[in-house]
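Notes for the one structure printed next.
The values are calculated or read from the model by the stated rules, or taken from the named source; none is laboratory data. Everything numeric here is computed off the predicted structure, so don't read it as measured data. Here the Cβ positions follow ideal geometry from the backbone for every residue, glycine too, while neighbour counts run over all protein chains shown. Protein only, heavy atoms only, side chains kept; ligands, DNA and RNA dropped before computing areas. Shrake-Rupley method; radii C 1.70, N 1.55, O 1.52, S 1.80 Å.
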Amino acid sequence: MSDSILRFENKLELRYSFNNKSNYMDSLILHRCEKEILALIRTVADMLDVRMTVYNEPYDSAGGFREKLAVAGASSRSISIVLNIVMRILTRPSLSVGGQPLVDRSEADEEEMQRELAKLRHELRLKTPGVAPSHRLVDLLNGLPRFCKCKSNFYEALKGYPKVSKIAMRELNGSDRIRSGLLEVKRDQFDYFILRSDDLPTVKDNKATIEIISPVLKDSKFRWKGIYNKGGETIDFYMQDEEFKKQMFDDKISFTSGMCIDCVLEIARRLSELGEVINVSYTVTTVIRTRFDKMEIITPQGKRHLRKLEAEKKQLTLDLFG
């Protein structure tokens, strides 16, 4: 499809307001910001199976810098929803004052988000009248680590450029007429979007199974190697269950090829520059049982751990029905 026959029925207007009367913006800052906006648009469009092409349509105006991202595609309504979601995500804080996520995402959150996305994709495919993204979907997308990182990069770039006093955005139609209300973020709110650290909360898998490939008994600084049952990947992990290591060192538990451990596994994670979640390290804190072929042995510390879980479960039941 050539540029001459593209129809840009949707446009995202961004205005960077300055604390002086200039209308020039540092190119490096502008392109850093634009990169994050385009990443958000592309990711949301892919989530909703919306095909679209984005072009620059810049223009200057006194008292700030404005640019338009002109968007072409098969469905103007679908594109409008993508831009609406992006604007709401980009202007909605996802962090506390301390720079930590407002909520910890769970597997249930991820499942709910996928259901909401599937529902919206279905409605867009059927061209359901009045279709719009739910508030819940926007909330769930807003807490997505990848989007938090995009927003953090965007506002960090603007915060380092003192002349920007606020950012505002709205959707326009093909004739540059306003299609949505104006959303803006002032400079004193930028910190609510900027991550203080790329580290994410540690994930604990209480039902992990690892097939041990090579143990290390003498030096705790070295990592063990094993096959993790979640995805079948080979991982290097720290063994912090000193009782288990002593049991193996004293030959109370003998290592055999193919031996598996059921354990509590803690996974340290961080965000990459692209907003992808990376597992940084794995640590076994408690070995619950060892398994080889059909033989299964619960460790003493495993029995204590299971009793503790059972006690917590009973206490929760008493709290709910007491």
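From the backbone phi of the range 196-202, what are the Karplus-calculated ³J(HN,Hα) couplings (6.51 cos²θ - 1.76 cosθ + 1.60, θ = phi - 60°) in whole Hz, Gly and Pro given as x?
Each residue of the range 196-202 in turn: 7, 8, 8, 6, 10, x, 5 Hz.
Using alpha carbons only, how many degrees (0 to 90, rounded to 10) separate the axis of helix 27-47 from the longest principal axis of the chain?
Orientation of helix 27-47: about 70 degrees from the principal axis.
Starting from the amide H of LYS225, placed 1.01 Å from N in the peptide plane, find each other amide H under 5 Å away whose residue is 5 or more places distant or on another chain.
ILE213, SER214, PHE237
Roll a 1.4 Å probe over the protein chains and send me the accessible area per residue for the chain in Å².
On the way: 17950 Å² over 322 residues.
I get 56 Å² per residue for the chain.
Choose one answer from VAL216, VAL50, VAL277: the residue with the largest mean-square fluctuation in a GNM of the chain with alpha-carbon springs under 10 Å.
VAL216
Taking the inverse of the average 1/r across all pairs of different Cα atoms in the range 199-274, what Kirkwood radius in Å do you get?
13.5
Where the accessible area of the chain is counted over protein heavy atoms with a 1.4 Å probe, how much of it, in %, is carbon and sulfur?
Values: 9230 of 17950 Å².
Looking at the chain in its full context, I get 51 percent from C and S.
Over all Cα pairs of the chain, how is the pair count split among 10 Å bins, expressed in % and running from 0 up to the last occupied bin?
The distribution over the chain is 5, 21, 23, 19, 14, 11, 6, 1, given as percents.
Note the full-extension length gain between ILE227 and LYS186 as 0.36 nm times their separation in residues minus their Cα-Cα distance, in nm to one decimal. If you can, show how the numbers build up before the last one.
Values: separation 41, 0.36 × 41 = 14.76 nm, distance 4.90 nm.
Additional length available on full extension: 9.9 nm.
Taking the convex hull of the Cα atoms, report for the range 98-192 its projected area averaged over all directions, in nm².
8.3
Treating only the Cβ of Lys, Arg, Asp and Glu as charged (+1, +1, -1, -1), what charge dipole size does the chain show about its Cα centre? Round to the nearest 20 debye.
560
Rounded to the nearest 10 degrees, what's the angle between the helix 76-90 long axis and the longest principal axis of the chain, both from Cα atoms, 0 to 90?
60
So how strong a dipole does the range 85-182 carry about its Cα centre when Lys and Arg Cβ are +1 and Asp and Glu Cβ are -1, to the nearest 20 debye?
Computed about the Cα centre, the dipole is about 540 debye.
If I fit a long axis through the Cα atoms of helix 107-126 and take the longest principal axis of the Cα atoms of the chain, what angle between them do I get, 0 to 90°, rounded to 10?
Tilt of helix 107-126: around 40 degrees.
Name the residue farthest towards the positive end of the dipole of the chain from the options GLY174, MET47, THR209, assuming +1 on Cβ of Lys and Arg, -1 on Cβ of Asp and Glu, about the Cα centre.
Value: GLY174.
Could you work out which residue, out of PRO145, PRO162, PRO133, moves most in a Gaussian network model of the chain, that is, has the largest mean-square fluctuation with Cα springs under 10 Å?
Greatest mean-square fluctuation among the candidates belongs to PRO162.
So what are the ³J(HN,Hα) numbers for the range 180-194, from phi and the Karplus equation (6.51, -1.76, 1.60; θ = phi - 60°), rounded to whole Hz, Gly and Pro as x?
Per-residue couplings from phi come out as 9, x, 7, 10, 9, 10, 7, 4, 6, 9, 4, 5, 6, 10, 9 Hz.
In whole Hz, with x marking every Gly and Pro, tabulate ³J(HN,Hα) for the range 204-216 from phi via Karplus 6.51 cos²θ - 1.76 cosθ + 1.60, θ = phi - 60°.
10, 9, 7, 10, 6, 10, 10, 8, 6, 9, 8, x, 10
Counting each DSSP H run of 4 or more residues in the chain as -39500 (n - 2.57), what helix-only mean residue ellipticity at 222 nm follows after dividing by all residues, to the nearest 500 deg cm²/dmol?
-11000 deg cm²/dmol
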